[in-house]
Amino acid sequence: MTSTRWTKESIAEEIRQLAEQGEDLSYSNVVIHHLSLMRAAMRYYGSWRDAVKAAGVDYDSVRKYRSWNRQRIIERIRELYEQGEDLSWRNVSTNLDPQLAAAATKPKHFGSWRKAIEAAGIDYQEVRRYHHWDEETIIKRVRELYEQGVPLNAKHIEEIDIPLITAARRRFESWDKALQAAGLDYKQIVLRRPFRRRSRSAEESEAQESSGDGDNTGT
């Protein structure tokens, strides 16, 4: 289905087919072997968990974290991070995934939540600064990026801030609608082609030539 335009229905059907074929539907395995499916699931459902559930498959049966080791802890942290979850110690240990928190802080694994987060390649300060992604927080972040001149097309945001775009799609149904809610013209953002922008030197050169032509016609 890699060449097919994904829809919620086709994503769910693909998951069901893989389940019937006995495929490993754990997050880490799907990222490796079915990346286009994973990306589509994240886009349309907000998380791999929700996509699996929508397909009628028991998510607990496909998770591979019953026996924890360092690699599985890292994979789980990365999975939650890419879903835009709050990875603060308090939230993970009391609400999101207490088993993960307990496993990560065992001396034989990482010994602390901070070390586990850093081992997953995530900035711990970012985790500490995390605020729950509500509509107001998303809009504020979008406007900050816009004012900083950051390209706001979906592909770029997926590369630099996957928690933001995942949360935006959950709260606003789509990234385009989140941009609209932030008071931005999503059509201009989507159609903008940075590589077409001329350099300042080219524009100045053009202006000089134009000025020169004007002088010649006046003599």
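The values are calculated or read from the model by the stated rules, or taken from the named source; none is laboratory data. Because the structure is predicted, anything quoted here is derived from the model rather than measured. Note that we place each Cβ from the backbone using ideal geometry, even for glycine, and neighbour counts take in every protein chain shown.
Apart from one condition, residue 119 fits all of (1) of a type in the set (A, V, I, L, M, F, W, C); (2) outside the structural domain of residue 106 (by TED's automatic domain parsing); (3) at pLDDT 85 or above; the exception is (2).
Residues in the range 140-155 that are under 21 Å from residue 42 (Cα atoms) and free of Cβ contacts under 8 Å to residues at least 12 places away in the same chain: 1 in all. Could you grab the pairs with beta carbons closer than 7 Å, sequence gap of 6+ or different chains, first residue in the range 11-25 and in the same structural domain as residue 47 (by TED's automatic domain parsing), second one among the small types (Gly, Ala, Ser) and outside any helix (DSSP H, G or I)? Pairs that qualify, where the first residue is in the same structural domain as residue 47 (by TED's automatic domain parsing) and the partner is among the small types (Gly, Ala, Ser) and outside any helix (DSSP H, G or I), are 12/55; 15/55; 16/55; 16/56.
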